[in-house]
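The values are calculated or read from the model by the stated rules, or taken from the named source; none is laboratory data. Since the model is a prediction, treat every value here as computed from it, not as a measurement. When we count neighbours, we look across all protein chains shown, and the Cβ atoms used for this are built from the backbone with ideal geometry, even at glycine.
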Amino acid sequence: MISLTAASARSLQRTIAWIVSIANAALVVYALTAMQPLGGYQFVESVEWLSDIGLKYAVGLDGINVWMVVLATLLTPLALFAARNESTHQKSFHALILVLSASLIGAFVATDLLLFYVFFELTLVPTAVLIATHGSGDAKAAAIKFFVYPFIGSVFMLASIAGLVINHYQQTGLMTFDSVILSGAVLNGTLVLDQNLERALFAGFFLAFAIKTPIWPFHTWMPQAQASTPSNGSVDIAGILLKIGAYGMLRFALPFFPHAAVWAAPAIGVLAVISILYSAVIAFGQKDMKVLLSYATISHLGFVMLGIYSQTVEGVTGALITMINSGLTTGALFLIVGILAAQRGSRNRDDFSGVWLTAPTFGTLTLITVFASIGVPGLNGFVGEFLSMQGAWLAPQLGYSYVVFAVIGIVLSAAYLLRMYRGVFMGAAPEENAIHEPSTGELAVLGLLIVAMIVIGLYPNIITSISNASVTDLVNSLNANSQ
Amino acid sequence: MTQLSWFIALIPAIPLLGFLLNALFVKGEKANGLIASVAVAGAFGAAIAAVLGLNGLDEASRQISIPLWQWLAVGKLDVAFGLYYDPLTAVMTLLITGVGTLIHIFSVTYMHGDARPRRYFAYLNLFVFSMLMLVMSDNLLVLFLGWEGVGLCSFLLIGHWFERKSVQPGIVPSEAAAKAFVVNRIGDAGLLLAMMLILSRFGTLSFYGPDGNSGFFSKLSEASFTMVNLGSLGTVSVVSGIAFLMILAVVGKSAQLPLFVWLPDAMAGPTPVSALIHAATMVTAGVYLVVRNHMLFDLAPDAATWLTIIGTMTALIGATAALTQFDIKRVLAYSTISQLGFMIAATGMGAYTAAMYHLLTHGLFKALLFLAAGAIIHGLHDVQDMRRMGGLAKSMPTIYRVYLVGAFALAGIFPFAGFWSKDEILVHGWFNAQSITTTVVLLFSSLLTAFYMGRQIALTFAGEARDNELHAHEHLGTMKWPLILLAIGAVVGGLINLPGLYTLHDWLRPVLHEPTELYTVGMGVFATITTLLAAGSGYLAYRIYSGPALASIKSGAEDPAHYYLGDIWKGFELGWGVDFVYQRFFVRPYRALSEYVYEVFDVQAIDGILVEGSARSVGALARLKSQAQNGSVRTYAFVFLIGVVLVVGYMVFGA
C-alpha cells in the first residue's frame, strides 16, 4: 500500500504504516486473550494451494509461536518509532519494515513446511535492502553478506525438507508439507528414517537455523550488519526480530529429527556455551555500542540454544522467554543507543560521559534496562536465563558441566554492560553539548518496555500459562521419540 | 490470613511503598527524607508487633509461611513468591528495620543540600525492602531476588556521587560501584548453581515447605551420602557440593577472602550507606545464608571446615589491613571485613548462635562507629584523612563520647556489647570445637582490633588539632539521637545473650536446635584474660600514637611503624595485595583478551578465513561454471545450484 502512495505524501505513508502495525497488534492481543491454554494449534486457516504436491497455505497459532508473533507485532511499531525522524528513503523504509513484519509473522504462523521456507527466505530480502539503502560505510558489502550467508544455509534446509517429504511420501503414500502431519508421523512411527539419513537431514536444518540465529561460529554477519546500519537503531530492532532461527530449531528441527537432535545436543551445547562466553568476552572490549549490543544478543542466544537442546519443559520455556527478552530488552537498548547517537552523532562509548547527570530520567530508564539485560531477578532476563540453565542441568544429554560454564556468562554480562553504562552515563558531564533528556514520547516508549520487563520478571505466568501446554506437548513427544 | 500474618506482610510492604512514593511522586528534600524515615520506622513497628505475636505462640509453631503468588511454575519448578517468618527471621528484621530507621533519620541532616536527595532516599528504602525480602523469603529463589536486589542497591548507593572523578582516598565512585556489583556477581553465580543443584536433586527450593516439613531441608539426610563424580577433581557428596557453592556466594556478599576487595572501595558511597549496607546489614547476608542453611552445613563437615579457614584468615587479614589505614572510613571498612571473618569462622565451627549474636551486636556498634565517623567527616567538610585530624575530643565532645563507646564495644572490652559476643565465639573455638589454631588466630586478630581502635582514637581525638584550616565543629541536627541510641545499644547490646541467661540462644532454639551449655569457671577465666589483653593492647596503641609516634604523623607522611616494618606494613596497607593481583592477573589480561579474541578470532579467523575464504573458494569454483555472472550474485547462484543438485540427486538416487 505504501509503495502505491506518492513519495511526497510523507505523513500519509507514516499513517498507513502506523495503522497497519497497530491494527496488527490489536489482532494479536485479541488472539492472546482468546487463546485456550491447550496444546496444539488454534485459529487454524488452511487453504489448498498446489494440491498436486500437497502444498497448502496453512497457518495456526499455539502457545509457542503466539509469543513470537506478539513480539514481532509489538516491535514493528518500535522500529517505525525509532526511525520517525529519518528523512531519506522514508517511503521505502516504511514499506520494507512492513514487508519484513509480514514475512516474519508468516514464518512464525506457517504450519506448512514449504510455506515456512518461503517466508523464511522472504525475511532476508527487506532486511538486506534496508541495510544496503539505509546503511553507512560498508553497507553494501554487509548487506550482501547478510543476504548470501544465511541464504546458503537455507539452501541446505530446502534439501532437507525435500528429503523429509519424499521419505514420508515413500513410506506413507501421502505427499504433504504439513508439519503437523510430518511430526505426527515421526511420533507414531509411520515415518522411520535411517540413522545416518536422519542426521544428515537434521544437519541441513541445523545449519540454516544456526546461521540465522546466529550462534558461534556462524555469527559474523550480524555484528558487521549492525555496524553498518543507521544509528537510530530501527533496522537493528527489525534485525532482532529475526528470532526465526531459534524458533525454527524448536518448531521443526527437533520434532522431525528427535534422535538426531539428542545425538547432536552435546555438540550444540558446547557451541551454545562458546557463544555465551566468547561473545561476552568480545562485547567487553567493543567501543561501538551497537556492535557491543549485537555481541550481547549473540551471547543471550547461546542461552536460548542451551534451553532448546535441553529438550525439557524448563529449558524450552526458558528459551522462549529469553527470545522474548532479547527482543524486548535488547530492542530497548538499541533504541537508547539510537537516541544517544542522534544527539551526539557518534556511537562510540568513549564520546559520552555523565549522561545520567543531564538526562536523569533517561539515565534511570536505561539503568533498569541494563539490569534487565544483566539478568537481575525481578526483571525479565533472569527468568529466561535461569530456566534455560535449569533445563540444561536437568537434561540427560547435557547436564551440569554445561551450566557451570554458562553461568560465567552472567558475571561477564554484568562486566560488559556496566562498563558501558559507567562510561556513558556516569562520570562528569561535559560543559558543552551535554546530552539532554529525550522527548516525552521516547521516554514513554522506554517506560512501556520497562513495564513489560517488570511484569515478565515478577509474573512470568503471563507467558507460561499460555505456553505451558504447547511446550509440554512438544517436550513429551520429543522424549517419547528419543527413547 | 491471621493478624500476625498481616503484620509480617507489612514489614517489607511499607519500605516498598516508601520507595515507590519517593521514586515516582514526591519531590523536595524534606518530604523525601520524611517519607523514607517514616516508612522504615513503620516497618520497625510492624517488626516489633510481629515479634511479640511470634513470642505468643508455642515454640513448635513459631514458623509462619505466607505464600503470596505463584512466581515460577514450569515443569519441575513450582516456586511461590512467599514470605517466611520464624525466630531467626525475626531478629534479622528487627536489626534491619531498627538500625535502618536510625540511619534514615541520621541521613536527613547528613544529606542536607545534596544534589539528589530524592534518589538517595528512594534507594535506601529499596535497599531495606530488598534486604527484608532476603531474610523473609521462604525459598532460595526469593532469597536470591533479595540477594541481588541488595547488590543492585549497593551499586546505586556506592555510585550515588557518580559524577565525581574521585572521592577520598582516591576512589572513583562509578568504578567502585561497578566493581562491587561484578565481584558480587561471582558469588551470585555460585548461589545460582547451588539452587539448580538443589532443584535437580530435591525438586524444591523451599526451605521448609508450606507445611514446615516438605522443603529441601527435610530431604537432606537421604541425599547426604550420594556422591557426585567430578572427574579429575575427585568426588564430593551432593550436600557438600551445595555447601561449597553457597560458600562462594558467602565469600562474595560477606566480603571474605579472596573476594573482599570490593568492600574497601565501597566506601565511596555516602557514610550512612556504609553504616547500613556495608557494615550492619547487607554484608551480613552471607552469615545469615549459612545460619539459615545450617542443616546443610552440619551434614557437610568438609565445607564447614573451609568456612572456618576462610573466616579466620579474613579476620586476620582485615585486622592487619585496618591497622595501617589513615582514612577514617577505610579503617572501619577493613575492620568490618575482619569482624565478618569472626562470624563466618563461628558458623564454620557450628557456633550458629554465637555468629548471630556477634552479627547483631556488631550491627549496632559498627553502625555507630560509621555514623560517628560520618558526623566527623560532616563536621570537617569532607576530610577523611586521620593525619589531618587530632584534638577532635574538644571540638566534637558528643561524637567523641559515642565513638569511645563504639570503639570499646568493637575492641571487646568488658562490659560492652562486643565483649560478650566475641567472647562467645572464642570460647566456642577453644572449649567446644577444640580448634586451638583457629582460636589463637582469632584471639590475635581481636587484640589487633583493640590496637587499631586505640590508634584511631589517638589519631582522631587525642592531642591538639594538626590542621587548623579545618574549622572543626559539631553540628549534629537529626544525627544526634541516632548516635546516642546506638551508643546505648553498644553498651547494653550484650544483654540479649548473657552467659547463663542465653536469651537469644533460647529464642533461636526452634530454628537452630543448639543444646544449651553450662558456663564453666574456665570460660570465665578465659574471658577475663582476653578482655584484659584487649584492653592492654588498645591502651598501648593509644599511648604510642598519642605520645612518641605523634611527632611523625603528618599529612602525606608514612606511619612511624612503616619505618620498622617496611614492605610488610605496606603490604598490610594494600590489603595483602589481593586487589593488586586481580588488577594484574585478571582485569588487565581480560581487557587484552577481549581485544585479542575480537581481532584475531572473530575478524581474522572466523570471518576472514572461514566465512570469506569459503565464499571466495566457492566463487572461484563458480567462475569455472559461468563467465557471465559477476560478484556475489554468482556465488549465490552457485550455491543455489548445489542445493538443487543435492535435492535432485537425492530424489533420483536416494529412493
Check: Which condition breaks for A:Lys287 when tested against (1) at pLDDT 90 or above; (2) more than 18 Å from A:Tyr117 (Cβ to Cβ)?
Finding: (1)
Checklist line | Hey, B:Gly556 in a loop (DSSP other than H, G, I, E, B), out of contact with any Cys (no Cβ under 6 Å at 6 or more places or on another chain), in contact (Cβ under 8 Å) with a residue 40 or more places away in the chain and under 30 Å from B:Thr460 (Cβ atoms) or not | finding: yes
Note to self: I'd like to verify a number: residues in region A:281-291 that are within 11 Å of chain B (Cβ to nearest Cβ), out of contact with any Pro (no Cβ under 6 Å at 6 or more places or on another chain) and part of a helix (DSSP H, G or I), how many?
What the structure shows: 5
Notebook entry, point to check: What do you reckon, is A:Ile408 β-branched (Val, Ile, Thr), facing chain B (nearest Cβ under 8 Å), in contact (Cβ under 8 Å) with a residue 24 or more places away in the chain and surrounded by fewer than 21 Cβ atoms within 10 Å (Cβ to Cβ)?
Noted result: yes
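Report, by residue number, each residue of region A:432-459 that is within 13 Å of chain B (Cβ to nearest Cβ) and part of a loop (DSSP other than H, G, I, E, B).
Once the filter is applied, which keeps residues that are within 13 Å of chain B (Cβ to nearest Cβ) and part of a loop (DSSP other than H, G, I, E, B), region A:432-459 yields A:Ala434, A:Tyr459.
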Next item on the list: Give region A:411-431 a look and list any residue that's in contact with a helix residue (DSSP H, G or I) (Cβ under 8 Å, 6 or more places away or on another chain), on the phi < 0 side of the Ramachandran plot and in a loop (DSSP other than H, G, I, E, B), or say none.
Entry: A:Met426, A:Ala428, A:Ala429
Notebook entry, point to check: Within region A:432-459, which residues are free of Cβ contacts under 8 Å to residues at least 40 places away in the same chain and at positive phi?
Noted result: none
Margin query: I'd like the full set of residues that are among the small types (Gly, Ala, Ser), within 14 Å of chain A (Cβ to nearest Cβ) and touching a residue at least 12 places away in the same chain (Cβ under 8 Å), limited to region B:40-89.
Written below: B:Ala80, B:Gly82
Next item on the list: Being crowded, with 24+ Cβ neighbours inside 10 Å and aromatic (Phe, Trp, Tyr) narrows it down to one of B:Phe207, B:Phe244, B:Phe216, B:Phe202, so name that one.
Entry: B:Phe216
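With under 30 Å from A:Gly307 (Cβ atoms) and touching a Leu at 6+ places or on another chain (Cβ under 9 Å) as the only criterion, which of A:Ala392, A:Ala415, A:Ala429 stands out?
Just one listed residue meets the conditions, A:Ala392.
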Item checked: Top-ranked residue in region B:149-190 [being part of a loop (DSSP other than H, G, I, E, B) and of a type in the set (Gly, Ala, Ser); ranked as farthest from the other protein chains (Cβ to nearest Cβ)] -> B:Gly170
Notebook entry, point to check: Can you name the number of the only condition in (1) more than 9 Å from chain B (Cβ to nearest Cβ); (2) under 16 Å from A:Thr330 (Cα atoms) that A:Tyr421 fails?
Noted result: (1)
Next item on the list: Return yes or no: is A:Ile308 buried (at least 24 other Cβ atoms within 10 Å of the Cβ) and either within 12 Å of another protein chain (Cβ to nearest Cβ) or under 18 Å from B:Tyr598 (Cα atoms) (or both)?
Entry: no
Next item on the list: All but one of (1) crowded, with 24+ Cβ neighbours inside 10 Å; (2) under 30 Å from A:Ile466 (Cα atoms); (3) of a type outside the set (A, V, I, L, M) hold for B:Thr97, so report the exception by its number.
Entry: (2)
Next item on the list: Please enumerate the residues belonging to region B:112-145 that are buried (at least 23 other Cβ atoms within 10 Å of the Cβ) and more than 30 Å from B:Thr204 (Cα to Cα).
Entry: B:Tyr120, B:Phe121, B:Ala122, B:Tyr123, B:Leu124, B:Asn125
Item checked: Checking B:Leu340 against (1) crowded, with 24+ Cβ neighbours inside 10 Å; (2) assigned by TED's automatic domain parsing to the domain that holds B:Thr437, the condition it does not meet -> (2)
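Given the criteria on the phi > 0 side of the Ramachandran plot and surrounded by fewer than 24 Cβ atoms within 10 Å (Cβ to Cβ), does A:Gly363 qualify?
No: the conditions fail for A:Gly363.
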Item checked: Selection status of B:Gly311, modelled with pLDDT under 90 and surrounded by 23 or more Cβ atoms within 10 Å (Cβ to Cβ) -> no
Note to self: Of everything in region A:340-387, what is under 28 Å from the mean Cα position of the chain (by Cα), within 8 Å of another protein chain (Cβ to nearest Cβ) and not in a helix (DSSP H, G or I)? Give them in sequence order.
What the structure shows: A:Val376, A:Pro377, A:Gly378
